[in-house]
Amino acid sequence: MMNGEEAKELLEAQAHIWNYTFNYITSMSLKCAVQLGIPDIIHNHTKPITLSELVKALPIPQIRSPCVYRLMRILVHSGFFAIEKIHKHLEEKEVEGYMLTPSSRLLLKNQASNLSPFLLSMTDSAIVTPFHFMSALFQGSGCLPVEAAYGMSIWEYLLKHPEISKSFNDGMASDAQFLMTFVIQDCKTMFEGSKSLVDVGGGTGTAAKVISEAFPNIKCMVFDLPQVVSNLEGSESIEFVAGDMFESIPSADTILLKWILHDWSDEECVKILKKCREAILSKDNGGKVIIIDIVIQEDEEKFESIESQLCSDMLMMVHTTGKERTETEWKELFVEAGFASYKITHALALRSIIEVFP
């Protein structure tokens, strides 16, 4: 027989296990809400929307109507939607209506800050399936879980599946659009004085476009693999150049690496950083590398952010040779690559900005 404290401890431990066993269901419920267009329906309603009004607006068969309440209940509990009392006429019963929260406002399709593509790409079965093979990393040949799942790297897999690759690129572009708004707003001084910038691994050029609009005097170049940029058209302020960052990087005053280095091992990162250092034009006059990436912090007051950082590290372990790094680990890379100093600005919640000087 257990005493009261022992029983309470065991039941709380069970609840903790249940919470993380079923945690993925919240992600999938949010994905479902986005696919059904629920955030946009609530937004377009312009006032709190009742359950019956929401059901009527959804393109679903009548038999599934009771499921809407259950879907919304978990998403209200998770903070993605809120409930407000609606006071109608005096003789009518008070009812409740659903409202958006700051989180669900970031999932509106026609907003510049729309993060729906990122959510949809990161919850796609192509990204999730390799997690079922995580133990392969520790067993047998020790191959990456993504290789155990697909027999190839994630980059090869994306190359062979254009639809999934488009979803992935759209997700990265939405993240870049959102993030760079804050980079320009709060950290614009780090771009001042620069006349040229190369966005290494810049994809479809979202980050470069934001920088170019904010700093018309900076000539921006997006440098990525041929299959990424070969069909993209440049402009007077932005040029798309194909190449391999492990071989050479075009010269510029500023080299930008946004969410790139976490994909690669320490050895590979040092190679990339050395190429970046060689590419800096004005080494004695403000030239630098700007890295936007996670710097793992151990501040218990920011538990949710830290947990997301550690989950991202697991994503890297499953899909790539890379990892998320602490400041000490970042510093070791910079020293080995031959840089003189660095400065970290924690201005982006989950991610930080690192300026590295030759």
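The values are calculated or read from the model by the stated rules, or taken from the named source; none is laboratory data. Quick caveat: nothing in here was measured; it's all calculated off a predicted structure. Cβ atoms come from the backbone with ideal geometry, glycine included; neighbour counts cover every protein chain shown.
Can you find a residue in region 11-18 that is loosely packed, with under 14 Cβ neighbours inside 10 Å, closer than 28 Å to P102 by Cβ and under 20 Å from the mean Cα position of the chain (by Cα)?
No - not one qualifying residue is present in region 11-18.
Which pairs turn up if I take residues in region 144-169 that are within 18 Å of P117 (Cβ to Cβ) and look for partners that are hydroxyl-bearing (S, T, Y) and surrounded by 14 or more Cβ atoms within 10 Å (Cβ to Cβ) with beta carbon separation below 7 Å, at least 6 apart in sequence or on another chain?
Close Cβ pairs satisfying both conditions: I154/T320; L158/S165; S167/S121; F168/S121; N169/T204.
When the residues of region 324-358 are filtered to those that are charged (D, E, K, R) and part of a helix (DSSP H, G or I), which remaining residue is farthest from E298 (Cα to Cα)?
Residue satisfying both the conditions and the ranking: E336.
Could you check how many residues of region 191-203 are assigned to a loop (DSSP other than H, G, I, E, B) and surrounded by fewer than 19 Cβ atoms within 10 Å (Cβ to Cβ)?
3
Looking at V228, V241, can you tell me which residue is assigned by the TED database to the domain that holds M316 and touching a Pro at 6+ places or on another chain (Cβ under 9 Å)?
Answer to the check: V241.
Can you tell me which of W264, W259 is in contact (Cβ under 8 Å) with a residue 24 or more places away in the chain, under 24 Å from F182 (Cα atoms) and hydrophobic (A, V, I, L, M, F, W, C)? Write out each step before concluding.
Details: W264 fails: under 24 Å from F182 (Cα atoms).
Going through W264, W259 in turn, just one is in contact (Cβ under 8 Å) with a residue 24 or more places away in the chain, under 24 Å from F182 (Cα atoms) and hydrophobic (A, V, I, L, M, F, W, C): W259.
Can you find a residue in region 43-51 that is in contact with a Lys or Arg (Cβ under 8 Å, 6 or more places away or on another chain), modelled with pLDDT of 95 or more and buried (at least 17 other Cβ atoms within 10 Å of the Cβ)?
Scanning region 43-51, I find at least one residue that is in contact with a Lys or Arg (Cβ under 8 Å, 6 or more places away or on another chain), modelled with pLDDT of 95 or more and buried (at least 17 other Cβ atoms within 10 Å of the Cβ), so the answer is yes.
Does L232 satisfy the condition of being at pLDDT 85 or above, hydrophobic (A, V, I, L, M, F, W, C) and over 24 Å from K283 (Cβ atoms)?
no
Quick one: what pairs do we get from region 203-232, first residue within 16 Å of M172 (Cα to Cα), second among the basic types (K, R), C-beta under 7 Å, 6+ apart or different chains?
A207/K258
Quick one: would you say P39 is within 23 Å of S121 (Cβ to Cβ) and not hydrophobic (A, V, I, L, M, F, W, C)? Spell out how you get there, then give the answer.
On the way: within 23 Å of S121 (Cβ to Cβ): yes; not hydrophobic (A, V, I, L, M, F, W, C): yes.
Yes: the conditions hold for P39.
In region 170-185, which residue that is more than 8 Å from V210 (Cβ to Cβ) and in contact with a Gly (Cβ under 9 Å, 6 or more places away or on another chain) is surrounded by the fewest Cβ atoms within 10 Å (Cβ to Cβ)?
A173
Residue pairs, Cβ under 7 Å, 6 or more apart or interchain, first in region 41-62 and in the same structural domain as G97 (by the TED database) and among the aromatic types (F, W, Y), second modelled with pLDDT of 95 or more and part of a helix (DSSP H, G or I). List them.
If the second residue must be modelled with pLDDT of 95 or more and part of a helix (DSSP H, G or I), no pairs are left.
Which residue pairs have Cβ atoms closer than 6 Å, lie 6 or more positions apart in sequence or on different chains, and pair a first residue in region 240-252 that is in a strand (DSSP E or B) with a second residue that is at pLDDT below 95 and surrounded by fewer than 14 Cβ atoms within 10 Å (Cβ to Cβ)?
A242/P226; A242/S230
Output yes when any residue across region 17-31 is out of contact with any Pro (no Cβ under 7 Å at 6 or more places or on another chain), farther than 30 Å from T129 by Cα and at pLDDT 90 or above, and no when none is.
From region 17-31, those out of contact with any Pro (no Cβ under 7 Å at 6 or more places or on another chain) are 17-31; that's our starting set.
Restricting the remaining residues to those that are farther than 30 Å from T129 by Cα gives none.
Within region 17-31 (the criterion being out of contact with any Pro (no Cβ under 7 Å at 6 or more places or on another chain), farther than 30 Å from T129 by Cα and at pLDDT 90 or above), the answer is no, since none of the residues qualifies.
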